[in-house]
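Notes follow once the structure below has been shown.
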Amino acid sequence: MKRAVFIGRFAPFHKGHLSLMQKKIDEGIPLLILIRDTHYDSYSAEIRKRMIQACMKKLKVNAKIMIIDDVESFNYGRGVGYEVCEIEVIPELKKISATNIRNMIDEGDDSWKKLVAPGADKVLKDYLSRKGVVVWFTGLSCAGKTTIADAVSDTLRKKEIRCERLDGDILREHITKDLGFSKKDREKNLERATFIAKILARNGVVVLSSFITPYEFIRRKIRTELEKEATFIEVYVKASLETCKKRDYKGLYEKAEKGIIKNFTGISDPFEEPENADLILDTENKTVEECSEEVLRFIEKLKY
Ligand code: ADP
């Protein structure tokens, strides 16, 4: 059986792609759809395959769908024995772009649903709703990041929602033991934390990260990196320096003021006020329960 071959990234499989195949479908020619396994795409090749499968099933098209390695070039000599055709697509469908669709999804613009191929839309919708969440708690030491993240984690676990805590103090005891508190080292520490958060979120886990994350440029970088794989929520756990110093249950502020600890955020290192926080928790005027409720409500809105 000879098949008409179509090759692409299909991230996601949209109506423009389908229209490209329409003529062969109408002629009753079976298809062979090859998905380039590009590792940089937002959707794995497997998910893309499921989208195309769902569409072909819905349209009752005879199509074989395979994932292949990425392609460097197509090479042929004389007489390959099949046609290499350029297919005309009507301009309205030709303008549909997978990049635009991905941007719409990132921006929460629902019009992508009209552009994705029939059948594939449901697969994509299910996939997106299962996307992980990273809640990134930022704030001074003793502001309440760990306490609130732990409370949120307890509630999520009771509801049998898979979640994982990433905590600055704990990470520094294990995977970032080699790092100090200089700007460079803080950046490296957060880069590693971001990587862990990313791979967890990719698997549908709700990640609760509590790191001081004092610099705005790093917070922006973390957001950009994580939004590729997850829904990212930046939570500013807010308490004044005076309150944090009073709480000082770890005795760190005292040591920092005596100069025993260097580069301590709030004392000998800056904490830049977050400019892009999705949620601000005033831990001076609200209880731990009230703060964690606010975070849970935010997560619930994402249909978890
Ligand atoms: P961080 O992780 O930001 O360094 P911690 O959660 O370890 O801070 O410590 C915060 C301290 O403040 C805890 O002792 C906690 O009981 C206390 N606290 C008082 N009010 C609140 C609140 N509303 N939210 C969070 N922590 C609070």
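Spin-label model, Tyr249/Lys159: points 7 Å from Cα along the beta carbon direction are separated by 2.5 nm. Applying 1/(1 + (r/R0)^6) with R0 = 51 Å to the Cβ-Cβ distance of Arg3 and Glu289 gives a FRET efficiency near 0.25. In the range 200-290, one over the average inverse separation of all distinct C-alpha pairs is 15.0 Å, which is the Kirkwood hydrodynamic radius.
When both the range 5-36 and the range 42-105 are represented by their alpha-carbon centers, they are found 5 Å apart. Relative to the Cα centre, the charge distribution of the range 214-302, modelled as +1 at Lys and Arg Cβ and -1 at Asp and Glu Cβ, gives a dipole magnitude of about 400 debye.
Might you report the magnitude of the Cβ-based charge dipole of the range 62-173 about its Cα centre, with Lys and Arg at +1 and Asp and Glu at -1, to the nearest 20 debye?
420 debye
Taken about its Cα centre, the chain carries a charge dipole of roughly 1220 debye when the Cβ of each Lys and Arg holds +1 and the Cβ of each Asp and Glu holds -1. Placing pseudo-labels 7 Å out from each Cα toward the beta carbon at Lys177 and Met104 gives an inter-label distance of 5.1 nm. Here the calculated FRET efficiency for Lys228 and Ile29, from their Cβ-Cβ distance with R0 = 25 Å, stands at 0.10, rounded to the nearest 0.05. When each of Glu234, Glu273, Glu164, Glu187 is scored by the number of other beta-carbon atoms lying within 10 Å, the sequence from fewest to most is Glu273, Glu187, Glu164, Glu234. Using the alpha-carbon atoms, what tilt in degrees (0 to 90, nearest 10) does helix 145-158 show relative to the longest principal axis of the chain? Compared with the principal axis, the helix lies near 50 degrees. Between the helical axis of 45-58 and the longest alpha-carbon principal axis of the chain there is an angle of about 50 degrees. Computed from the Cβ-Cβ distance with R0 of 41 Å, the FRET efficiency linking Ile170 to Lys113 stands at 0.50.
In the chain, the longest principal axis of the Cα atoms and the axis of helix 15-26 are about 20 degrees apart.
Legend: residue pairs Lys125/Lys198; Lys125/Lys145; Lys24/Lys64; Lys131/Lys158; Lys145/Lys250, Cα-Cα distance threshold 22 Å; pairs beyond threshold, Lys125/Lys145.
When the range 82-171 is described by a simple charge dipole with +1 on each Lys and Arg Cβ and -1 on each Asp and Glu Cβ, the residue from Asn103, Leu171, Pro91 located farthest towards its positive end is Leu171.
Taking each residue as 0.36 nm, the span from Lys188 to Ile87 lengthens on full extension beyond its C-alpha to C-alpha distance by 31.5 nm. Checking Cβ-Cβ separations below 4.7 Å across the chain identifies Cys55, Cys85, Cys163, Cys291 as cysteines lacking any candidate disulfide partner.
Every read-out reported here was derived from the displayed coordinates using simple, explicitly stated rules and does not represent laboratory data. Keep in mind the model is a prediction, meaning the values are calculated, not measured. No Cβ is skipped: glycine too gets one built from the backbone with ideal geometry, and neighbour counts run over all protein chains shown.
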